[in-house]
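K.L.:
The structure under discussion is supplied below as structure tokens; questions concerning it will follow.
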Amino acid sequence: MKRIIVAILLLAVNQNVFSQGIDNTNKNIYGYNRIITGTSDWLDIQLSGAGSTFKIHDNTNGVNWVRWTAGSTHTEFLTNVVLPSSQIGIGTTSPYLHSRLHIKAPSTNNWGIVAESNANDRIIGFGHDGTAGVIATSYLGSGGYSPLQFRTSNITRMTVAVDGNVGIGTTTPTGQLHLSYSNNGINYNQILDGNKIQFDRSNNEASYIDKKDNGSLHFRMGSAFSTKMTINNSGNVGIGTTSPSKLLHVSSAAPSFLLERTGSVSWETRIDNNGRFIIQDATNATEPLKIEALTPTATIYTKSNGNVGIGTADPKSKLAVDGTIKATKVEVMADVNSVPDYVFEEDYELRTLQETKAYIEANKHLPEIPSAAEIGKDGMDLGDMNLRLLKKIEELTLYQIQMMEEMSKMKKELEEMKNVSSK
């Protein structure tokens, strides 16, 4: 059996040996004793004056240990020390089967392993407090606390600062979680700190998201970190306002939206300085603006020339409606000179009824009134038609006046003839 303790080799004899007075001047060792019994072989090293011994034990069935004995109390701090077939236990007599080294701390307040720097008394400890595994840094004397770093290829990949901040890609984290990386000479940082997530880069461009004000989420950016967008706890989104009252609430001195079809046309919706709501073609596109319902007949088109069509995609006038219009009142503005009051002027030349009769017989419609074929082709101008009909009514009135005057004249003549015949 291979022994790992060099001292055993120095005392390799086949009988009990006891010696006293080794380094007795310094009182370091009172004596030592090697005992061989059957399969057991151990070495006792006794300290002076206290009756305590340091025992190294080995046997052929694998029970191997290094023990500190004080009176009747035994403390094994190395067990199963034969390698490579067994495990080493420090502070335990039953090291974990699947480990090479098993260290058990004397209490929950102690670390199992401590590593110390040779420069400034700073240490790192590994242990388990019975609830959770612990990796911690501390110091001896006046060394002061230091960060905990994790490295690969001798490069620091993650740092836990003294204040608890964690940095990945940085050794000086400025928030609870600080991610940092470089690309093309520019440093990018994402920092999670409490209720805030911050994004910045080395050219001082920065923005962050925070949660404040009764649960509202704010998106801030710029040198002053002004709020650009807010989502409140009701789900309302505010742009330019931190208290949105609708699902989407936009506030600005000149609020606007731009809708763009990639590589094609775009439309802008805005409110101008006079408070007018405007939907505007932003690319001088030839396509009309369409306001469309599920049924195609409900579509409203606006053309680039300003014509509006309802139910028609090709309006030829300012308003073209393919369908019925219902209204309680329609006002048609007309040039005052086009109103046919001139019919009653003394110099107006009224067509005789014989002339009108001849025109009707030849054309099958009234003079100055479009024919059915013309109306079918070009439509009918309501304002112009009403003025034409008004003119005919006024002319008809003149015909009635003429007939009344002729009838009065005839009546008078009949009365005169009646008076002459009665004499």
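K.L.:
How far is it, in nm, from the label point at residue 97 to the one at residue 251 when both lie 7 Å from their Cα along the line to the Cβ?
P.N.:
Once both label points are built, they end up 7.0 nm from each other.
K.L.:
Okay, moving on. How long are the semi-axes of the equivalent ellipsoid of segment 211-288, taking √(5λ) for every eigenvalue λ of the Cα gyration tensor, in whole Å from largest down?
P.N.:
29, 14, 13
K.L.:
While we're here: In terms of the Cα gyration tensor, with a ≥ b ≥ c the square roots of its eigenvalues, is segment 336-421 rounded because a/c is under 1.5, prolate because a/b exceeds b/c, or oblate? Walk me through the intermediate numbers first.
P.N.:
On the way: a/c = 4.01, a/b = 2.19, b/c = 1.83.
Cα axes put segment 336-421 in the prolate bin.
Taken together, the values in this text are just the output of simple stated rules run on the coordinates, not laboratory data. Because the structure is predicted, anything quoted here is derived from the model rather than measured. A quick note on method: Cβ atoms are made from the backbone with ideal geometry, for glycine too, and the neighbour counts reach across all protein chains shown.
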